[in-house]
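Undergrad: Before I ask anything, let me first share the structure, which is written out below as structure tokens.
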Protein chains: 2
Amino acid sequence: MNRSASIKDVANHASVAVGTVSNVLNYPDRVSQRTKERVLRAIDELGFVRNDAARQLRAGHSRTIGLIVLDVGNPFFTSVVRAAEDAAALQGSAVLLGDSGHDAGREANYIDLFQEQRVQGLLISPVGDVSERLDLLRERGVPTVLVDRLADEDKFSSVAVDDDAGGYLAARHLLDTGRRRLAFVGGSTSIRQVADRLQGAQRAVKEEPEATLEVLVSEGQTVLAGRSVGNILVERDRAALPDGIFCANDLLALGVMQSLTMTHTLRIPEDIALIGYDDIDFAVSAVVPLSSIRQPTEALGRTAIELLAEEVEAQHPRHRAVIFTPELVVRQSTAAPSAG
Amino acid sequence: MNRSASIKDVANHASVAVGTVSNVLNYPDRVSQRTKERVLRAIDELGFVRNDAARQLRAGHSRTIGLIVLDVGNPFFTSVVRAAEDAAALQGSAVLLGDSGHDAGREANYIDLFQEQRVQGLLISPVGDVSERLDLLRERGVPTVLVDRLADEDKFSSVAVDDDAGGYLAARHLLDTGRRRLAFVGGSTSIRQVADRLQGAQRAVKEEPEATLEVLVSEGQTVLAGRSVGNILVERDRAALPDGIFCANDLLALGVMQSLTMTHTLRIPEDIALIGYDDIDFAVSAVVPLSSIRQPTEALGRTAIELLAEEVEAQHPRHRAVIFTPELVVRQSTAAPSAG
DNA sequence: TCGTAACAATGAAACGATTCAAAGATTCGC
DNA sequence: GCGAATCTTTGAATCGTTTCATTGTTACGA
């Protein structure tokens with residue numbers, strides 16, 4: 001119980017050499033049937049479990065990949081994590097997950113921890129700017145792929161989603177269903193995602209001469225912030241109201257939906273169409289099922305692992321930036337208005 | 001770049017013995033100021049990072065704790081994980097997180113992986129029954145604490161939340177605010193949590209002679225399932241309606257809320273009070289802010305780590321089962337009706 | 001100046017798995 | 001029955017740390 005059995009114990013118990021036990025574990029074909037059975041029995045009887053530390057020490061590297069995300073609670077990352085785990089499992093690696101919680105200190109701790117663990121490489125959705133900490137990783141030769149953040153291809157590979165394209169998709173969809181007086185609701189445009197989604201929306205609006213896009217800045221990106229914006233809107237003259245609203249995320253959209261439907265005078269989608277972004281679980285079960293833009297999180301996670309594998313294998317890695325295009329999910333909240 | 005610097009490289013570079021470098025890292029007081037500086041400079045110049053595998057091999061155990069949860073996406077577990085990480089950090093350990101996704105196969109993989117890693121111990125929220133896999137861990141002497149699941153104290157320590165008490169709290173609150181015709185909405189009572197919460201509610205109702213409790217079984221525990229139940233309710237005669245509804249989780253409650261408020265004839269909380277369970281983020285930002293029962297997730301995570309530490313230290317561990325009582329969070333959805 | 005105590009530095013041994021050259025056993029054709 | 005070829009098994013060396021008994025150094029009081 002105290003000290004767990006080692007390969008040497010197994011060897012003694014089965015009366016073979018340690019090398020043979022190792023062969024049974026790693027190259028079973030090299031070992032005769034009889035011996036194999038004896039060894040396996042011994043392993044079973046002693047409850048032997050390989051010591052990964054020793055294995056790894058000898059091998060010089062681990063079979064794990066470090067993954068540091070900004071917030072495991074965020075469904076976007078949860079989904080990326082799951083995809084990355086599955087993709088890693090396929091190539092025989094395990095993922096060590098770290099949650100930085102947007103905190104640079106925690107991020108640094110995980111980077112250090114993972115380096116000490118000699119992970120094969122690192123997937124990271126970095127806090128703030130791509131910092132010196134990451135440059136240090138590069139110098140140390142730790143293969144690294146940035147997730148949900150574009151990077152200079154001289155320095156890192158990266159996977160990201162094209163937020164401009166997502167914004168375009170959303171606005172184009174509102175225009176395609178006949179809306180012309182659009183509004184964009186988002187937090188500060190100092191958040192890159194918000195700025196990009198807005199930019200894409202503006203691009204779409206420019207394609208329709210008579211279409212307009214009003215920008216409403218919310219205080220944060222929560223349901224409550226959305227409700228505040230909605231409350232301001234319902235005060236307006238009917239004529240001054242937008243007929244299509246694009247929110248920078250689903251939480252905002254759900255908040256706006258609450259305000260608009262609470263008054264019982266405005267109908268979604270007949271009077272105002274509403275589309276969000278992220279396609280969270282709640283979108284489908286909103287009072288009026290919410291149209292949204294879905295990000296290809298599975299592809300992100302899988303591709304991140306694949307890019308990392310490239311980095312690990314290549315001697316002189318040529319970094320790549322892979323950008324995914326999000327997808328429009330149409331639900332009732334943007335159904336075409338019944339009359340022309 | 002190829003092979004990272006070892007303690008031996010550092011020793012050469014600083015012209016000291018390897019033991020001295022080790023002392024600088026682990027017992028800085030044993031080393032003279034001059035030497036320490038030379039060594040630290042060498043570490044810096046070579047970009048030396050401790051190899052944890054070697055450390056661990058020598059030590060015989062790692063400084064990590066394995067944590068396997070049923071679903072990292074579930075806010076309950078996310079919160080437990082975070083608390084466990086913080087508590088572990090305090091005692092100098094790191095947490096390796098595994099997400100079984102309710103899948104026994106994935107759970108088994110993580111158990112194996114963590115055993116190979118020689119984790120100090122394991123926190124696990126097990127899939128299905130406490131199985132032979134866990135018994136095996138016990139035989140192997142891997143300290144294990146069950147999370148969110150009571151266990152035989154002969155076998156394991158455990159931390160859990162008292163769902164019966166939670167159910168009692170919720171129903172008692174409805175009764176205290178004057179409601180007498182209560183309804184319970186939940187999925188199948190074959191789910192332990194559902195059964196316990198119902199039982200607690202029944203206990204509270206029995207305390208009031210004229211109070212009644214009707215049980216409505218939903219198909220699943222989602223917003224949509226809640227909406228279905230709500231839709232059935234609004235069809236009823238006003239007189240046959242409950243005046244207080246307790247849902248086995250917040251998703252169900254939000255769904256019920258959607259149905260009731262959509263009709264515009266029933267008001268929450270004036271006509272019907274509504275309370276959920278879990279206190280998810282969405283509860284506070286619902287159309288009518290939702291009262292709920294909050295589970296002490298931080299305490300769960302922290303205590304789990306503490307119990308594990310006890311197991312690790314004690315030679316002949318006496319297992320303990322710690323049960324937490326949840327907490328009532330009152331919001332608008334159960335405000336006392338304006339008139340008596 | 002010497003002996004002793006306190007302090008610093010040394011380096012071999014150990015942790016447990018994998019590797020691989022070498023030795024030993026078996027099979028086969030003739 | 002013999003040599004060659006093939007298949008098995010062996011065990012020492014190795015990975016990078018930590019530990020610890022030992023040796024070397026310094027300081028100080030008598």
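What follows draws every value from the coordinates through simple rules; no lab data is involved. Every value quoted in this text rests on a predicted model; they were computed, and no experiment measured them. Positions of Cβ are backbone-derived with ideal geometry, glycine not excepted, and every protein chain shown enters the neighbour counts.
Undergrad: Return, for the Cα atoms of chain B, the radius of gyration and Dmax in Å, separated by a comma.
TA: Cα only, chain B: 26.6, 90 Å (Rg, Dmax).
Undergrad: While we're on this one: Taking the label point as lying 7 angstrom from Cα along the Cα-to-Cβ axis, what are the distances from A:Asp152 to the corresponding position in the remaining copies, in ascending order and in nanometres?
TA: 6.2
Undergrad: What nm distance separates the two modelled labels at A:Asn231 and A:Ser131, each placed 7 Å from Cα along Cα→Cβ?
TA: 3.7
Undergrad: log₁₀ I(q)/I(0) of region B:229-340 at q = 0.15, 0.18, 0.19, 0.23 Å⁻¹, via Debye over equal Cα point scatterers, no solvent, to two decimals?
TA: -0.68, -0.85, -0.92, -1.20
Undergrad: How high is the FRET efficiency between B:Arg192 and B:Val312 when r is their beta carbon distance and R₀ equals 25 Å, given to the nearest 0.05? Before the final figure, lay out the partial values.
TA: Numbers: r = 29 Å, r/R0 = 1.15.
Calculated transfer efficiency: 0.30.
Undergrad: Helix B:75-90: angle to the longest alpha-carbon principal axis of chain B, degrees 0 to 90, nearest 10?
TA: Around 30 degrees separate the two axes.
Undergrad: Specify whether the C-alpha gyration tensor of region A:1-135 places it in the rounded, prolate or oblate class, a ≥ b ≥ c being the square roots of the eigenvalues: rounded for a/c under 1.5, otherwise prolate if a/b is larger than b/c and oblate if not. Before the final figure, lay out the partial values.
TA: Working: a/c = 3.05, a/b = 2.63, b/c = 1.16.
Prolate, since a/c reaches 1.5 and a/b exceeds b/c.
Undergrad: Please give the charge dipole size of the protein assembly as shown, origin at the Cα centre, charges +1 on K and R Cβ atoms and -1 on D and E Cβ atoms. Round to the nearest 20 debye. Please report the intermediate quantities before stating the final value.
TA: Details: 72 positive and 94 negative charges, 348 e Å.
In total the dipole reaches around 1680 debye.
Undergrad: Give the residues of region A:155-182 whose amide nitrogen is closer than 16 Å to a point set 7 Å from the Cα of A:Glu210 in the direction of its Cβ.
TA: Taking a point 7 Å out along Cα→Cβ of A:Glu210, the residues of region A:155-182 whose backbone N falls under 16 Å are A:175-182.
Undergrad: Mind giving me the nanometre distance, one decimal, between the label points for A:Ser6 and B:Ala17, set 7 Å out from Cα along Cα→Cβ?
TA: Going from the A:Ser6 label point to the B:Ala17 one covers 2.3 nm.
Undergrad: Label points 7 Å out from Cα along the Cβ direction at B:Asp29 and A:Asn26: separation in nm?
TA: 4.2
Undergrad: If you don't mind, another one. Taking a ≥ b ≥ c as the square roots of the eigenvalues of the Cα gyration tensor of the protein assembly as shown, is the shape rounded (a/c under 1.5), prolate (a/b larger than b/c) or oblate? If you can, show how the numbers build up before the last one.
TA: Working: a/c = 2.36, a/b = 1.42, b/c = 1.66.
Oblate shape, in that a/c is at least 1.5 and b/c is the bigger or equal ratio.
Undergrad: Would you list which lysines come within 25 Å of A:Lys36, measuring only between C-alpha atoms, while excluding same-chain residues fewer than 8 positions from it?
TA: Correct list for A:Lys36: A:Lys8.
Undergrad: Okay, moving on. Along Cα-to-Cβ, 7 Å out, sits the label point; list in nm, shortest first, how far the one on A:Val322 is from those in the other copies.
TA: Sorted ascending, the copy-to-copy spacings read 4.3 nm.
Undergrad: Gap in Å between the Cα centre of region A:1-80 and the Cα centre of region B:1-76?
TA: Here the two parts' Cα centres lie 24 Å apart.
Undergrad: For a Förster distance of 56 Å, can you work out the FRET efficiency between the beta-carbons of A:Arg238 and B:Gln199, rounded to the nearest 0.05? Don't jump to the answer; show the numbers that get you there.
TA: Values: r = 53 Å, r/R0 = 0.94.
For R0 = 56 Å, the calculated efficiency reads 0.60.
Undergrad: Work out the charge dipole of chain B with +1 on the Cβ of Lys and Arg and -1 on the Cβ of Asp and Glu about the Cα centre, then indicate which of B:Leu252, B:Phe114, B:Asn231 is farthest towards its positive end.
TA: Going by the Cα projections, it comes out as B:Phe114.
Undergrad: Along the three principal axes, how long is region B:231-294 when you take its alpha carbons, biggest first, rounded to the nearest angstrom?
TA: That gives 33, 19, 18 Å along the principal axes, largest extent first.
Undergrad: Would you mind giving the mean number of other chain beta-carbons within 10 Å of the Cβ of each residue in B:139-146, as a whole number? Let's see the in-between values first.
TA: Working: counts 2, 5, 5, 2, 0, 0, 0, 0.
Partner Cβ neighbours, averaged per residue: 2.
Undergrad: I'd like the orientation of helix A:297-313 relative to chain A: the angle between its Cα long axis and the longest Cα principal axis, in ° from 0 to 90, rounded to 10.
TA: 40
Undergrad: Still on this model: Set the Förster distance to 60 Å, then compute FRET efficiency between B:Asp152 and A:Ala59 from the Cβ-Cβ distance, nearest 0.05.
TA: Working: r = 40 Å, r/R0 = 0.67.
Once the sixth-power term is evaluated, E becomes 0.90.
Undergrad: Shielding by partners for B:71-78, please: the mean number of other protein chain Cβ atoms within 10 Å of each residue's Cβ.
TA: 4
Undergrad: What is the local net charge at B:Gln202, summed over the other residues whose Cβ is closer than 14 Å to its Cβ (Lys, Arg +1; Asp, Glu -1)?
TA: On the way: positive: B:Arg172, B:Arg197, B:Arg203, B:Lys206; negative: B:Asp163, B:Asp164, B:Asp196, B:Glu207, B:Glu208, B:Glu214.
Computed value for this residue: -2.
Undergrad: I'd like the mean, over residues of A:97-105, of how many other protein chain beta carbons sit within 10 Å of each residue's own Cβ. Could the numbers behind the result be given before it?
TA: On the way: counts 7, 5, 7, 0, 2, 0, 0, 0, 0.
Per residue, the number of nearby Cβ atoms from other chains is 2 on average.
Undergrad: Please report, for A:Arg133, the nm distances (one decimal) from its label point, 7 Å out from Cα along the beta-carbon direction, to the equivalent points in the remaining copies, shortest first.
TA: Those label-point separations list as 3.3 nm.
Undergrad: Suppose we keep just the DSSP beta bridges with both residues in the protein assembly as shown; what percent of those would be antiparallel, to 5? Numbers along the way, then the final one.
TA: Values: 6 of 74 bridges.
Approximately 10 percent, going by the DSSP bridge assignments.
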